[in-house]
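Inspection log for the structure reproduced underneath, given as structure tokens.
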Amino acid sequence: MLIGVRPLRALALGALLAALGCHAQTAVQTAGTHAIQVGSKLSPEMARRVELMIRSKAELPPDYIITVGEPVISDIPGYDQINVSFAMEGKPLKSAIFLISDDGRTLAQFNRFDISQDPKEKVSALGRPSRGGPPDAPVVIVGFDDLECPYCAQMNALLFPAILERYKSQVRIVYRDFPLEELHPWAKHAAVDANCLASASTTGYWDFVDYVHAHSADMPGPEKSLEKANQNLDKIALDEGTRQKIDQPALVACVLKQDDSGVKASITQGEAAPLLLDQAPVLYINGEKVEGVVPLETIYRIIDRALVAAGQTPPPPAPAAPPAAKPGS
């Protein structure tokens, strides 16, 4: 898989909690009914059982100090909740939530995920020019795009014409701005010019995007002249505006102003939770994330799954290409 990547963030993931997360449920051998009382400390013997089980499963060194909190009511029938904290000299305090059964026989830990939101609404397509199907198309592809990124250009050239040809009005495509400024110096300028066109002409926007992606390798790089690259972008945008009969003074004013606030807002939204993006291209197909350039058949499978979930029938499989003729046949 080919991707354009930002420098990786330093991820402060504690090995301790990662290890604990690998074990969904463990048994604490004890007997008795309702051995756990909400609001009362665990008995020293029970707290030790919990501590030793966690030490064993997470393979914690002996210099970790483990403190088991009082049980509180949980919303899992038959289980109470306990907070377990972990401390070691010179290290930040960490904690994890466990469940302990009413009879004191089982210690459990699991992850809970909120699935109340429609995944299609995870990434907004509002306010962006679209191509393909109508606003109520059953599948919406939101792509985070960098106009200087060679892999974005590859995706734009290879994937989207095929997708639109195959799915017609079933799929709608929009781009969100995500220029990787550390890697691609003129990408943000290109995004601003594209948005100047978008405010007046959807066709003009997509013509500009397609042209810049197709010719990005021909643009002067910063070692030659970033200013020259930006001038070329402005000329491409203004020429496209002329073809689309856009109000030329207004377009010129927009291009000259270079208001990048909208582009910066898109970058901020992409980098923030829950998306946490640091590369391009990235697609969200009805909320399902696809990073980098992947085989077209993979994209087809994802779109087909989304169509079925939306109660739609995917197009029939494309016919296999005929075998190549043998020499002399």
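The values are calculated or read from the model by the stated rules, or taken from the named source; none is laboratory data. Here the structure is a predicted model, which is why all the values come from computation and not from measurement. Every residue, glycine among them, receives a Cβ derived from its backbone with ideal geometry; neighbour counts consider all protein chains shown.
So here's what we get for this one:
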quantity: Cβ-Cβ under 8 Å pairs, at least 6 apart or on other chains, segment 134-152 side closer than 19 Å to Asp193 by Cα, far side buried (at least 24 other Cβ atoms within 10 Å of the Cβ) and aromatic (Phe, Trp, Tyr); calculated: Gly143/Tyr175; Phe144/Tyr175; Phe144/Phe178; Asp145/Tyr175; Asp145/Phe178; Asp146/Phe178; Glu148/Trp186
quantity: Unmet criterion (only one of (1) within 30 Å of the chain's Cα centre (by Cα); (2) among the hydrophobic types (A, V, I, L, M, F, W, C); (3) outside any loop (DSSP other than H, G, I, E, B)) for Leu238; calculated: (1)
quantity: Residue list for segment 237-261, filter: closer than 13 Å to Ala191 by Cα and buried (at least 20 other Cβ atoms within 10 Å of the Cβ); calculated: Ala237, Cys254, Val255
quantity: Single condition Ile36 does not satisfy, out of (1) closer than 30 Å to Thr313 by Cβ; (2) in contact with a helix residue (DSSP H, G or I) (Cβ under 9 Å, 6 or more places away or on another chain); (3) in a loop (DSSP other than H, G, I, E, B); calculated: (1)
quantity: Residue check for Val72: among the β-branched types (Val, Ile, Thr) and surrounded by 14 or more Cβ atoms within 10 Å (Cβ to Cβ); calculated: no
quantity: All positions within segment 74-100 that are farther than 20 Å from Asn111 by Cβ and either out of contact with any strand residue (DSSP E or B) (no Cβ under 6 Å at 6 or more places or on another chain) or polar (S, T, N, Q) (or both); calculated: Met88, Glu89, Gly90, Lys91, Pro92
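For every residue, the table says whether it meets (1) among the aliphatic types (A, V, I, L, M); (2) at pLDDT 95 or above; (3) in a helix (DSSP H, G or I).
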residue: Ala194; (1), (2), (3): yes, yes, yes
residue: Ala200; (1), (2), (3): yes, yes, no
residue: Val212; (1), (2), (3): yes, yes, yes
residue: Ala229; (1), (2), (3): yes, no, yes
